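Student: Below: one structure in structure tokens.
The values are calculated or read from the model by the stated rules, or taken from the named source; none is laboratory data. Computed from a predicted model, the values in this text were never measured in an experiment. Don't worry about glycine lacking a Cβ; one is built from the backbone with ideal geometry, like all the others, and counts go over all protein chains shown. Just so you know, the surface numbers come from the protein's heavy atoms only, side chains and all, with ligands and any DNA or RNA stripped out. Shrake-Rupley method; radii C 1.70, N 1.55, O 1.52, S 1.80 Å.
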Amino acid sequence: MAGRDVRERRMFGGTSVMVDDRMVVSVRGDGSLLVKVDPERSADLVAREGAVRAEMGAGRDTGPSWLSVPASDDRVEFWLGLALEHHAAALR
């Protein structure tokens, strides 16, 4: 991510990774990841990848762009790649 402003920030009970002042992913207190993805791909990703729509408190849906996923070592790169892909597309 050469040339990008990348930093960590404590948010939502976890540590978020900010790219160009936008949250891309967050490691939550329970060890899961909060990932921002293309909302048009959300339903497919939930069905195929074991993710769930994220909530910020009981019953408070964050919308289709935010997914909560297990932070297993073999999938972190996949989810981070999707989040960065969405971030890059949003900047165009």
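Student: With every atom except the alpha carbons ignored, what do you get for Rg and Dmax of the chain, in angstroms?
Tutor: Final numbers for Rg and Dmax: 12.5, 38 Å.
Student: For the chain, what is the calculated [θ] at 222 nm in deg cm²/dmol (nearest 500), taking -39500 (n - 2.57) for each run of four or more DSSP H residues and dividing by its residue count? Intermediate values should be presented prior to the final figure.
Tutor: On the way: 2 runs with 24 residues, N = 92.
Using -39500 (n - 2.57) per qualifying helix, the result is -8000 deg cm²/dmol.
Student: Round to the nearest 10 and report in Å² the accessible area of E55, as given by a 1.4 Å probe over the protein chains' heavy atoms.
Tutor: Looks like 90 Å² after rounding.
Student: Still on this structure: Once neighbouring chains are kept in place and the probe is 1.4 Å, which whole percent of the accessible area of the chain is contributed by carbon and sulfur?
Tutor: Carbon and sulfur atoms account for 50 percent of the accessible area of the chain.
Student: Tell me, what is the per residue accessible area of the chain in Å², probe radius 1.4 Å?
Tutor: For the chain, the solvent-accessible area averages 61 Å² per residue.
Student: Still on this model: At R0 = 30 Å, how high is the FRET efficiency between E49 and R7 if r is their beta carbon distance? Nearest 0.05 is fine.
Tutor: 0.65
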